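Below is one structure, written out as structure tokens, with a few remarks after it.
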Amino acid sequence: MLVPIARGLALLVVLTAAPIVAQGDPLARGIAAMAAHDLPTARNWLEQAVAADPDGYEANWRLALVLVDLGRQTPDDVKSASRDALYDRAESYARRAVYANPNGADGHFVMANAIGQASLTKSKRERVERATEIRTAALRAVQIDSTHSGGWHVLGRWHAEIQRLSGVEKFFARTFLGAGIFDAASWDEAERCLRKAVTLDPDRIFHRIDLAEVLIDREQWSEARVHLAAVERLPSVDPLDGTHKQRARELSARVDARLAK
């Protein structure tokens, strides 16, 4: 349910530029491999970095992000113990990063993503129960850094996914989340947060796709078409951007059919 950006929250991108790689420095080598979208190599180097410094903030959040992206290679609707194990490990490393540096925006953002992705493999009831933690982590990320597009994206998806719940799921949400946090979700906030993410990082494909999906939910067809059309012109900067672009084409066909009526 609450993704993060996983399908698309996943949010699941390299958040900072890769520095010059120092010979023998596993963290720097891992960052360089992330920038090159070489996830297996990045995982290898970052695991070495974490082994050398188990409490290292950057090594932990980056390793968590890489594990999430590796897990995303397997679709959510496919049963996969190996993918689920990747998400569980990602969540563990993300929590370690937040513990190491509670004031790091990237750590909170990746934790929100990791929890969200892991939630996709769980029951609807478990997803709802974990929704509060996802929202808290994403809020903390943007409180620390108001320009963190990934944090805004997760928040936007959180609002949208709560609004998309069925009647039965909403009953469970009210039961397990409480009316206060449940009532905090709105389409207006979903749209506002995702617009913020697009404004901060207009070339990030999944920001535009998730905003377009919210606009479709709100029957703002013409503007949704604008964002989907922009996706085709954008370069691929995320390991799953090929999949994201195919999703944009599918949504564009739906929007075009609606506009043609």
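Magnitude of the Cβ-charge dipole of the chain, K/R +1 and D/E -1, about the Cα centre, nearest 20 debye?
640
Once the Cα atoms of helix 39-52 and of the chain are each reduced to a long axis, what angle between those two axes, in degrees from 0 to 90 to the nearest 10, is obtained?
Helix 39-52 sits at roughly 50 degrees to that axis.
What is the distance, in nm, between label points placed 7 Å from the Cα along the Cα-to-Cβ direction at Arg174 and at Val78?
That separation, rounded to one decimal, is 3.9 nm.
Treating only the Cβ of Lys, Arg, Asp and Glu as charged (+1, +1, -1, -1), what charge dipole size does the range 129-173 show about its Cα centre? Round to the nearest 20 debye.
That gives the range 129-173 a dipole magnitude of about 60 debye.
Quickly work out the Ala51-to-Arg164 label distance, labels modelled 7 Å from Cα along the C-beta direction, and quote it in nm with one decimal.
Taking the two extended label points, one gets 3.9 nm.
Is the shape of the range 160-209 rounded, prolate or oblate, going by the alpha carbon gyration tensor and its root eigenvalues a ≥ b ≥ c, with a/c under 1.5 for rounded and a/b larger than b/c for prolate?
prolate
Hey, what do the phi angles of the range 115-120 turn into as Karplus ³J(HN,Hα) couplings, whole Hz, using 6.51/-1.76/1.60 and θ = phi - 60°, x for Gly and Pro?
Values per residue, Gly and Pro as x: 5, x, 5, 4, 5, 5 Hz.
Measure nothing fancy, just the Cα-based angle from helix 187-200's long axis to the longest principal axis of the chain, in degrees from 0 to 90, nearest 10.
Computed tilt is about 50 degrees.
Under 15 Å from a point 7 Å along the Cα-to-Cβ line of Lys122: which residues of the range 55-92 have their amide N that close?
Label zone hits: 84-92.
Computed from the mean reciprocal separation of all distinct C-alpha pairs, what Kirkwood hydrodynamic radius does the chain have, in Å?
18.4
Could you check the spin-label model distance between Leu259 and Asp183? Points 7 Å from the Cα along Cα→Cβ, value in nm.
3.9
Report, to the nearest 10°, how far helix 81-100 tilts away from the longest principal axis of the Cα atoms in the chain, using its own Cα long axis and a range of 0 to 90°.
70
What is the log10 of I(q)/I(0) for the range 202-261, computed with the Debye formula using one identical point scatterer on each Cα and no solvent, at q = 0.20, 0.27, 0.28 Å⁻¹?
Ignoring solvent entirely, the Cα scatterers give -0.64, -1.09, -1.15.
Values in this text are rule-based calculations from the coordinates and carry no lab data. Keep in mind it's a predicted model, so treat the numbers as computed, not measured. Cβ coordinates were reconstructed from backbone atoms using ideal geometry, including for glycine residues, and neighbour counts include every protein chain displayed.
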